[in-house]
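Novice: First the structure, then my questions, so here it is.
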Amino acid sequence: MPIHTRRGHDGKTLIIRIEGRFDFSTHQAFRDAYEHGGTGIHGYIVDLSEATYLDSSALGMLLLLRDYAGGDDAIIAIENCNSDVRKILTISNFEQLFTIR
Amino acid sequence: MDVSAKESNAESAAASGPLKVLIADDSDSDRLILKTLLTRLGHHVLDAANGHEAVALFHSGQPDIVLLDALMPAMDGMEAAREIKRCAGERMVPLIFITSLSAAEDLARCLEAGGDGFLSKPYNRVMIEAKINAFNRMRLMHQTLSEQRDLMHERNRQLLEEQHVARRVFDNVAHTGCLDAPNIRYHASPLSIFSGDVLFASPRPAGGMLVFAGDFTGHGLPAAMGAMPVAETFYGMARKGFDGADIIREINQKLVHILPKNMFCCGVMVEADFELSQLKVWNGGLPDGWLVRSSDALFRLPSRHLPLGILSAGQFNAEMETIRTCPGDRLLLMTDGVLECSNESGELFGERGVRLAVEGLDTTGQHPFDALMRGIQRFTGSQKFGDDLTLCCLEMDYQEGLAALPEGAVPSILAGPAEWTCIYELREHSLGEFNPLPLLLHICMEVPGLRRRSGEIYTLLSELYNNALEHGVLELPSEWKYTPEGFGRYYSERALRLSKVSDHYIRFSFHHEPMQWGGRLRVICEDSGQGFDFQNHPVLQSTKMEQSGPRYAGRGLMLLKRLAESIRFHEQGSRVEINYDWYF
């Protein structure tokens, strides 16, 4: 299973960690991760430290998460991207929608 | 019939259907025993006494399963087996040898001849029934798979045919533009629309061009369907004189509305003004565009915006970057298919590949489009590439009459208004936020005689409006635009002054009347500004209309003088009146 979820220390943040390729094949697993993440969640962290690749359908999935988490009010951080992944997020200017660290 | 229906049919046949079994044995008694046995099991039997007869019966009777004695006179079982398998071709007809042979070499020869299995003599009813059922299952599975494969081939053929038809429909919408203009070079695969790429180009009514390159997330039909409204919006608005920012705003709005949340379109909009030698670029999510300049280093046009179809109209930023160019400069636009080309060891072409291919080109005189295509070819080591990449090169090269808008239909004298008056006034902040030219053009285009001259009318209106706005209301000196420092200053000052506009207006008054020869349109453009010294303006003074320098205001006035029947200035130039005549 390339996607793992856990709660952050504050108990209100859902951390979704993706391993390997973040592309269309992870669509269902990614969706399950946030839809079945439990209650009382105020924010999300997408941890890409183990992600090697990200394609445009992954960008689409991030948009779905953002929509699920409240659209413009969503609190979502994308963390630990490698340089290739970072580049893709930058070209698409996703820092306007997500906190990228 | 769909696949599952075929499957269930096959299963029911397996359970119940009697089979047509061809048996061949030279021993009359053995043959009779076998025939009786099979008949009792419910099968229909064709019997032959030698290989020749067996082959003949196979042709005429089309059996489902064949049982062959290995050793027979006239034509033995091996030879008959070869012949039968040859006739059966792709159809699977299980062929079982009935034999008393037991040596491994003999049995192997039977299999080589095309046999699928053995039954040993003397006959055993239970074994025969089990073998026949087992081979029949195989036969049916083969039959089902063949049918499914054929169905898939057929479906695939239909799909490709549909895509070609869809492509033709799309072409009629998408390629009404000027991609074939001499200053545009491009590569787009014939079916690129189904890979999600689009490329449009349109001339603008008063000269210049708009180019849009886009890349939808996803492939196939959804991407192609998203592309249709984008094409319609682009061409429809470009023709009516809207500028790049208006069109990109409208496309975004449309895509937000129609696309599901996880789909969007990366795109770049380019507005080229060849007369002013200026490019405006908006890049949202596509790889860097590159301006290849004859006199200067490469200039990068990176993505500064989110892709289209994500942000609501209120959040969307359609601001375009303005770049000064020189004639002969070339702009390269590409979708990420270019960067994602890979070589044999899986490395990507990337931004580095693009840079290497187009850097330092001025010394070789090579066209950047050719250089980049060759670079990709060399890198991938393949002549055949680019099914999902789009590459476009626009040259800043203005030629009179280049890619003119197609003229409208032949006008009818009956349709449209002949005598009318219209006053339109734009005030305050709307002066900076709204471009009234498409609307004004639209009003004039109701007159069929003017419709044929949409380019000229648009030019007249835009010269009048821009002159009133930039020099009248905003009091910007046109000289600024012609030095590199002044260029930037002109545009930042323009934006600054627009934001502070107060107590200002621009008013258009139209009056159209029919004439013996056709019609006359009178346009009066008034603004609240201070006007300018038209008495001493070189263009208006000189009878030869020679220019003393590249003064845009001068050029604008010259255009007005050339296109209009008459032009008059009042109120220190803040009120301009022109008469424009059209003829049957």
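Novice: Picking from B:T483, A:I76, B:A468, whose Cα lies most toward the positive end of the charge dipole for the protein assembly as shown (charges on Cβ: Lys, Arg +1; Asp, Glu -1)?
Specialist: Highest projection toward the positive end goes to B:A468.
Novice: Could the peptides B:238-245, B:313-320, B:299-306, B:82-89 be put in order, highest first, of the mean number of other beta-carbon atoms found within 10 Å of their residues? Provide the component values of the computation, followed by the final result.
Specialist: Values: B:238-245: 22.5, B:313-320: 14.5, B:299-306: 18.2, B:82-89: 16.0.
Sorting B:238-245, B:313-320, B:299-306, B:82-89 by mean packing, highest first, produces B:238-245, B:299-306, B:82-89, B:313-320.
Novice: Here's a follow-up. Computed over the Cα atoms, what is the radius of gyration of the range B:17-110 divided by 2.2 N^0.38 Å, N being its residue count?
Specialist: On the way: Rg = 12.5 Å, N = 94, 2.2 N^0.38 = 12.4 Å.
Computed over Cα atoms of the range B:17-110, the ratio equals 1.01.
Novice: Here's something else I'd like to know. I'd like to know how the range A:3-100 sits against the 2.2 N^0.38 Å rule of thumb: what's its Cα Rg over that expected value?
Specialist: Working: Rg = 12.2 Å, N = 98, 2.2 N^0.38 = 12.6 Å.
Expressed relative to 2.2 N^0.38 Å, the Cα Rg reads 0.97.
Novice: Also, I was wondering about something else. What FRET efficiency would be calculated for the residue pair B:S509, B:H442, taking the C-beta separation as r and a Förster radius of 22 Å, to the nearest 0.05?
Specialist: On the way: r = 17 Å, r/R0 = 0.75.
E(calc), rounded to 0.05, equals 0.85.
Novice: In addition: With only Lys, Arg, Asp and Glu charged, each at its Cβ (+1 for the first two, -1 for the last two), find how big the charge dipole of the protein assembly as shown is about the Cα centre; round to the nearest 20 debye. Before the final figure, lay out the partial values.
Specialist: Numbers: 67 positive and 91 negative charges, 85 e Å.
Here the protein assembly as shown has a charge dipole of around 400 debye.
Novice: A further question on this structure: Can you give me the P(r) profile for chain B? Cα pairs, bins 10 angstrom wide beginning at 0, each as a whole percent.
Specialist: 3, 13, 18, 15, 11, 8, 7, 7, 6, 5, 4, 1, 0
Novice: Assuming R0 = 51 Å, can you tell me the calculated FRET efficiency for the pair B:D180 and A:S49, based on Cβ-Cβ distance, to the nearest 0.05? Let's see the in-between values first.
Specialist: Numbers: r = 49 Å, r/R0 = 0.96.
It comes to 0.55.
Novice: Can I ask one more? How large is the Kirkwood hydrodynamic radius of the protein assembly as shown, in angstrom, based on all distinct alpha carbon pairs? Numbers along the way, then the final one.
Specialist: Details: mean 1/r = 0.0317 Å⁻¹.
For the protein assembly as shown, inverting the mean 1/r across all distinct Cα pairs yields 31.5 Å.
Novice: Continuing with this model, one more query. In degrees between 0 and 90, to the nearest 10, how far off the longest principal axis of chain B does helix B:220-239 point, with axes built from Cα atoms?
Specialist: Approximately 20 degrees, to the nearest ten.
Novice: For the protein assembly as shown, give me the percentage of DSSP beta bridges that are antiparallel, rounded to the nearest 5 percent.
Specialist: Numbers: 80 of 111 bridges.
Rounded to the nearest five, the antiparallel share is 70 percent.
Novice: Give me the dipole magnitude in Debye, nearest 20, for chain B about the Cα centre, with unit charges on the beta carbon: positive for Lys and Arg, negative for Asp and Glu.
Specialist: On the way: 57 positive and 77 negative charges, 97 e Å.
Dipole magnitude for chain B comes out near 460 debye.
Novice: A further question on this structure: Ignore the peptide's own chain and count Cβ atoms of other chains within 10 Å of each Cβ in B:258-268; give me the average, rounded. Show your work: numbers first, answer last.
Specialist: Details: counts 0, 1, 4, 9, 13, 5, 5, 0, 4, 0, 0.
For peptide B:258-268, the averaged partner shielding equals 4.
Novice: Follow-up question, since we're still on this one. How would you rank B:171-180, B:48-57, highest first, on the average number of other Cβ atoms within 10 Å across their residues? Can you show the working numbers first?
Specialist: Details: B:171-180: 16.6, B:48-57: 20.3.
Descending packing order for the listed peptides: B:48-57, B:171-180.
Novice: Residues of A:93-100, mean number of Cβ from any other protein chain within 10 Å of their own Cβ, rounded to a whole number? Mind showing how you got there, number by number?
Specialist: On the way: counts 10, 4, 1, 6, 4, 0, 0, 0.
For this peptide, the per-residue mean of nearby foreign Cβ atoms is 3.
Novice: Have a look at B:L332, B:Y186, B:H257 and report the one farthest towards the positive end of the charge dipole of the range B:175-395, computed about the Cα centre with Cβ charges (Lys/Arg +1, Asp/Glu -1).
Specialist: B:H257
Novice: Right, here's the next one. Can you give me the relative contact order of chain B as a percent, contacts being Cα pairs under 8 Å and 6 or more apart?
Specialist: That works out to 9 percent.
Novice: Can I ask one more? What angle do you read, to the nearest 10 degrees and between 0 and 90, between the alpha-carbon axis of helix B:368-380 and the longest principal axis of chain B?
Specialist: Roughly 30 degrees, rounded to the nearest 10.
Novice: Which one of B:F349, B:P368, B:Y235 has its Cα pushed farthest toward the positive end of the charge dipole of the protein assembly as shown, where Lys and Arg give +1 and Asp and Glu give -1 at the Cβ?
Specialist: B:Y235
Novice: In degrees from 0 to 90, rounded to the nearest 10, what is the angle of the helix B:552-563 Cα long axis to the longest principal axis of chain B?
Specialist: For helix B:552-563, the angle is close to 80 degrees.
Novice: Quick one: dipole size for the range B:3-147, taken about the Cα centre, charges +1 on Lys/Arg Cβ and -1 on Asp/Glu Cβ, in debye to the nearest 20.
Specialist: Working: 15 positive and 20 negative charges, 85 e Å.
Computed charge dipole of the range B:3-147: roughly 400 debye.
Novice: Show me the ranking of peptides B:350-356, B:158-164 by mean Cβ neighbours inside 10 Å, starting with the highest. Write down the numbers at each step before the final one.
Specialist: On the way: B:350-356: 16.9, B:158-164: 11.9.
For the peptides B:350-356, B:158-164, the packing ranking is B:350-356, B:158-164.
Novice: Just counting partner chain Cβ atoms within 10 Å, what average do the residues of peptide A:51-58 show around their Cβ? Mind showing how you got there, number by number?
Specialist: On the way: counts 0, 0, 0, 0, 3, 12, 5, 2.
Average neighbour count from other chains, rounded to a whole number: 3.
None of the figures in this text is laboratory data; all of them are computed from the coordinates on show. Computed from a prediction, not measured in an experiment: that's the story for all the values here. Don't worry about glycine lacking a Cβ; one is built from the backbone with ideal geometry, like all the others, and counts go over all protein chains shown.
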